[in-house]
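Peer 1: Please see the structure below; I have some questions.
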Amino acid sequence: MQSGFTHRLILSLALALCSAAAFAAGQTATVHKPTVEVHGAADLKSPTVATLKQGEQVSIAGQQGLWFQVTLPAGGNGFVRVNDVRLQYAKAGAKTNNALFSGKAGTGRASETAGVRGIDENDLKTAGYDAAQMAQLEGNRVTPDAAASDAQSKGLQAKQVALPNEFKPVADAAPKATQQQKRSGFSMARGLLSAVGIGAPAPVDSAANVAEAAQGKSETEQAAEEAALGPEIAGRVLGAAKLWDNAEAQARVNRVGRWMASQTSRPDLPWSFGVIDAPEINAFAAPGGYILITRGMYEVLAGDDEVAAVIGHELAHVVQRDHYNVIKKQETQGALTDAASSNVAVGGGIAGSMAKEYVAKHGATIMATSLDRGAEYNADHAAVVYLARAGYDPLALYAVLQKMMAAGSSSGNLAQLYKTHPPLDERLDRLDRDQVAGR
């Protein structure tokens, strides 16, 4: 029995290696800049072996760091930076170029399976809270000092890099009425109407509820709601897909993630990072500092810089409160019941009740909700700044997006990501336009 299993395992590995070799020379890329120098090695100081013009096509043979090894039109090989050329979307049914999907982060297994079904909205709505998985996720946290020590041991140094219009929480300047006090005012108005014999009909009462929810919240109140929502949502994502049984991967995303988080304007959040055992290529960012990467995503990343790039994009969503703001909008529009109309008590209490009320109705579906394109572009922009601040090469995000292009717009592994993000070529164009992707 064991002999048969071993035979099948060896056969599977052999087929995987053969497939990777077969795909290596098949991915076409187009020169994206007016002129591109092709180097003899993956080093800007290496000799130039050819110069390509915009529009010329090359074949990608593999990746070395943030360089693509290319086969030239006239023959011969060389290296170009990952933003010198633009990969084309793989056509439906085309096999993935596994030459781009191997590296130190994972096992190089970027297999495309027709039956791949990602974590969808229904999964996120119906999944229960997994307390044991949450305890494991939070138990894997790394301290800022430990992450900094690890980064320094790898030659990384924090840098000062400006991020225009960077989101920064503003401390409450003066005492403001809490949501409970505001709600009490509405309740008093209802009481006065009742006292004079004018009961508030249902439509009026509903309108009052919306007005209550729309009242501006203090920074303290918003932070409390984030802190309550984060674990409730993340715990349900973990109910849909458990943490991957790979201690090295879990430790790695926490070291890299915590170092990256220290470069944001909200380093003091209780940041938690994990890799969930799901085959598709995706990542999730819950309010309050909970970031989960799928195994499928982790396995296509070539090194710490690419891991950091993916995490950086998700960090930006948390820092900018993108998903939290969607929840607030849903609340204002009446998506929540009276019990969840934002009466906030810091440290749990009513904020915790609001979070439980929200997930009781919606589960973790906010993780499958599309953000507006501006939020996604801002997250990309912030990610490359965080990368630069952390000492990584900002081109890492460009490399990750290029790999997704190579997987194709019809890829089952990317189905959920395509539903919630702008087209990859538009994201790459924006990075080029803003000149945040590097050289």
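Peer 1: Could you list TRP271, TRP259, TRP67 in order of exposure, starting from the residue whose Cβ has the fewest other Cβ atoms within 10 Å?
Peer 2: TRP67, TRP271, TRP259
Peer 1: Taking 7 Å along the Cα-to-C-beta vector as the label spot, tell me the THR28-GLU56 distance in nanometres, rounded to one decimal.
Peer 2: Rounded to a tenth, the inter-label distance reads 1.7 nm.
Peer 1: On to the next question. Once the piece of chain linking ASN325 and ASP429 is laid out straight, how much longer is it, given 0.36 nm per residue of separation minus the C-alpha distance between them?
Peer 2: Taking ASN325 through ASP429 to full extension adds about 34.8 nm, to one decimal.
Peer 1: Do any of LYS217/LYS329; LYS168/LYS328; LYS168/LYS329; LYS328/LYS403; LYS33/LYS403 go past 23 Å between their Cα atoms, and which?
Peer 2: LYS328/LYS403, as the Cα separations exceed 23 Å there.
Peer 1: Sticking with this one: Summing +1 for each Lys or Arg and -1 for each Asp or Glu, what net charge is found among the other residues whose Cβ lies under 14 Å from the Cβ of THR143?
Peer 2: -1
Peer 1: In nanometres, what is the gap between the two model label sites at ALA162 and THR126, each 7 Å from Cα along Cα-to-Cβ?
Peer 2: Placing both labels 7 Å beyond Cα along the Cβ direction yields 5.2 nm.
Peer 1: Also: Using a cut-off of 11 Å between beta-carbons, work out the net charge of the residues near ARG430 (Lys and Arg +1, Asp and Glu -1, ARG430 not included).
Peer 2: Residues near ARG430 contribute -4 overall.
Peer 1: Amide H neighbours of ALA61 under 5 Å, counting only residues 5+ apart in sequence or on other chains, H built in-plane at 1.01 Å?
Peer 2: For ALA61, whose amide H was placed from the backbone, the distant partners under 5 Å are GLN69, VAL70, THR71.
All of the numbers you see were taken from the coordinates with simple rules; none came from a lab. Being a predicted model, the structure only gives us computed values, none of them experimental. Note that each Cβ is placed from the backbone with ideal geometry, even for glycine, and that neighbours are counted across all protein chains shown.
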